[in-house]
1. Where nothing but the Cβ of Lys and Arg (+1) and of Asp and Glu (-1) is charged, how large is the charge dipole of the range 568-780 around its Cα centre, in debye to the nearest 20?
2. Listed here are the pairs K534/K599; K438/K534; K438/K551; K624/K716; K440/K551; which of them are more than 22 Å apart at the Cα?
3. Using the Karplus equation 6.51 cos²θ - 1.76 cosθ + 1.60 (θ = phi - 60°), what ³J(HN,Hα) coupling, rounded to whole Hz, does each residue of the range 196-207 give in order, writing x for Gly and Pro?
4. Highest mean first, how do 614-621, 722-729, 513-520 rank when packing is the count of other Cβ atoms within 10 Å averaged over residues?
5. With bins 10 Å wide starting at 0, give me the P(r) of the range 277-320 over every alpha carbon pair, in whole percents.
6. Based only on other Cβ atoms within 10 Å, what is the fewest-to-most ordering of T301, T2, T415?
7. Take the Cα atoms of the range 346-566, build their convex hull, and give its volume per residue in Å³.
8. Could you please state, rounded to a whole Å, how far the C-alpha centre of the range 163-192 is from the C-alpha centre of the range 438-492?
Amino acid sequence: MTALHTIWLMTRMRLARQRNMLFNNLFRFKKKKPCDTSGGKRSSLWVLTLAMVTIMSFSFVVMSHNVVLNMQCQLDQASECRYVDKQGERHTELHIAEEELATAPFSPALMRGLTMEVTILLLVAVLLPLGNKELAQPDWDLEWLVTMPVSRGTLLWGRVLERSASNIAGWFALLPAYGVIAWYSGYAWSTIPIALLAAAALLPLAAMLHTLADTGLRMWLPAAQLRNLQAVTGLLNLPLIYFVMALGMPQANGFAMNWARAAPAWAGWLPPGLVLQAIQAQDIGQVASHVALLLAEIAVTMWAGMALLRHQLRHGVVNSGARESVRRVAPAGVAQPRWLDALLSPLKRRELRLLSRDRNFLFQTLLLPVIIVGSQVVFNGKLDSMAELGDHHLVAASIAFGIGVYVLMLSAFQTLNNEGHVLWLLYTVPRSIESMLKEKAQLWGTLALAYPAIVIGMSAWYTASFEWEQLVLVLIVFAGIPIYSMIAVSLGVFACDPLAVEARARVRPTYVYLYMLLASFYTWSIYSNVWSQKLVVMVLVGSMALALWQKARDALPYLLDPAAAPPSRVSTADGLIAATAFFILQGVLLLIIGKSDLKAMTIAFSISGLTIYVLMRYVYWRSKAAGVPVILRGIDIGVSLRSAAIAAAVAGAVGLGYLAAIQHTALWNEMLKSAPASVLAGSRAWILALAVVAAPLCEEFIFRGLIYGGLRRSMKAPQAMVMSAAVFAVVHPPLSMLPVFVLGLCTAWTYERSKTLLAPMLVHATYNAAILSSQFWQSP
């Protein structure tokens, strides 16, 4: 084998491995046969994954663009993008900075700042690959690569070059930065090949540093210390990434920009700075001189690195002695604390024991969330000191919830994945898998509450005066952590594949994105100033947690069988999906109709409800689902009518009493203002058709038949009634939530007794008719 053939083969092997991993996650549906433990029942989520990759790529370009403009405004003293108005307020106009960059070369201050940015990005390109799990794995591919019939020097050059081509993090870090710099340097559409050349010139340096560290550390350190080092390296990446992100924040002028101002000029003669100078060169002579110096520095660095590599491997690629460190045995007579036995179950003590032994998992669970959220807060300039937590309670609440959510994502989300190839042992325990997952969710939820408690405590310590809004924020945070503990464990059932051979394939990133999307939805409710929006989000997220838990519970008996799947049954998730589609379809139809009067609303409501009903019935028929709600089949007319009469009387009395109670308050005028204008204008036929006919038919199928029916499979009737009634209430206007909640309880009670939808439909229609009649009678 020739040297070029060997290097080309090694590069192809590395790229083929990454390609197979990517296609394994994105395009699994194209395979005829499942090739891993879950291919037989995993649905394709490649569209969402590709969308997330596109969004991330666009975000990197936008961030690099903002970094250049912010540095032009803040570092160039001659820039006119900063000005002070007549009121003395400071303003920044980035479009002025963009015009300045298009008409003149970069200033020396801007060049120093950009050199600092690209140097940090090159460091990220080194540390990110070094911090992956490959460093801590006992198998080292170089140990079998040496069996190829080539010299060791050829193998080492091949190792460096194939890591240069396969450094995905490095390409994503350097391409957008140098591309934006080339664009503002006047290269227009030639920026893409220039950015590719710039990254291709620097990535071999990153690969050489990565290989030197990887080889030296493997030869010097045992596996246990390698895992610790890998965890620490992973933690160091985040502050660097957030530091660069801080430079691209709107009107960035914090300490990150001060560091850019103080960047040394000599850094411009390092390889990242020379690439930048070559792009900014004004004539071909300057380009040639900078490129020649760059190539000389790269050649010297690569030669020195290769000499050090040969020295590291002078005794071979297998270190003498065992790699695994031996765990020290506790001295005789030292007993474990007895209070743990009484406080924690054996399963919870086992989880804590595993956490203490796995240093990498320990760092990721307990330290990584603090670094992630803390870096975002510090580099975004939200807080300058801890004392400001007492003044910015919304920020303190979002920090507390954010750290707790990250702890759960890195712990509870990995519940099954951490079992690895011994997952089957859980099925031999004389307990249900669901009960064990509940204990794990409780444990991780309790541990995750420690960080919010510390942040909230610090905020309370620095708070000068107490306000009731602070108590509401505390309740929202402490209610959200248990909910998201359940969501994390549930999504972990679908997201993790502990039986997969490849460690990186054990977590499906799409479910991580879904978890973070749900977490951001809850974070939005923290910042909302409307109490009803906070309540709506808490109820919807809570119902989503129950729905996901139900789906996970159904899938648990089939985790070890890649070809089996749970039988189709009506679930809470079906009801939530149907409700979401129902409201979205109404909005689409109203846009198509082009009107928003009562007639159009009634038509859109009816068509949407009928469409959702037909689609859900068709899906259930195709899948032969069990528990599909019925309207008349098997009805006991006596029980249905008696239950409907009792429930209608209770719901109507509460509704009319509520109207009478608020009639002499400010809420009454607000309710009249929010009432449809067509009711006062005389279009009472349409409002009756909507409220008495269409609403009971459509909403009872979704909220009682699907949502309550799904909840009833997982909990007792009273709990399912309360939860389904809460979901039903929060989709109505805030002023009517209380009586509608009682209506939801009454209709769920009648559905529980009659087992058909006719009785709750009659209760719903009677209630709406009574409320409308009261309003018609009082309106002129």
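1. Values: 16 positive and 7 negative charges, 123 e Å.
For this selection, approximately 580 debye.
2. On the way: K534/K599 32 Å; K438/K534 26 Å; K438/K551 14 Å; K624/K716 25 Å; K440/K551 17 Å.
In this structure, K534/K599; K438/K534; K624/K716 lie more than 22 Å apart at Cα.
3. Each residue of the range 196-207 in turn: 5, 5, 4, 5, 5, 6, 8, 5, x, 5, 5, 5 Hz.
4. On the way: 614-621: 14.1, 722-729: 23.0, 513-520: 16.8.
Order by mean packing, descending: 722-729, 513-520, 614-621.
5. The distribution over the range 277-320 is 26, 28, 19, 15, 10, 1, given as percents.
6. Values: T301 15, T2 9, T415 22.
With the sparsest Cβ surroundings first, the list reads T2, T301, T415.
7. Details: hull volume 28.6 nm³, N = 221.
Value for the range 346-566: 129 Å³ per residue.
8. 42
Every read-out reported here was derived from the displayed coordinates using simple, explicitly stated rules and does not represent laboratory data. Note that the structure is predicted; figures quoted are calculated from it, not measured. Backbone-built Cβ (ideal geometry, glycine too); neighbour counts: all protein chains shown.
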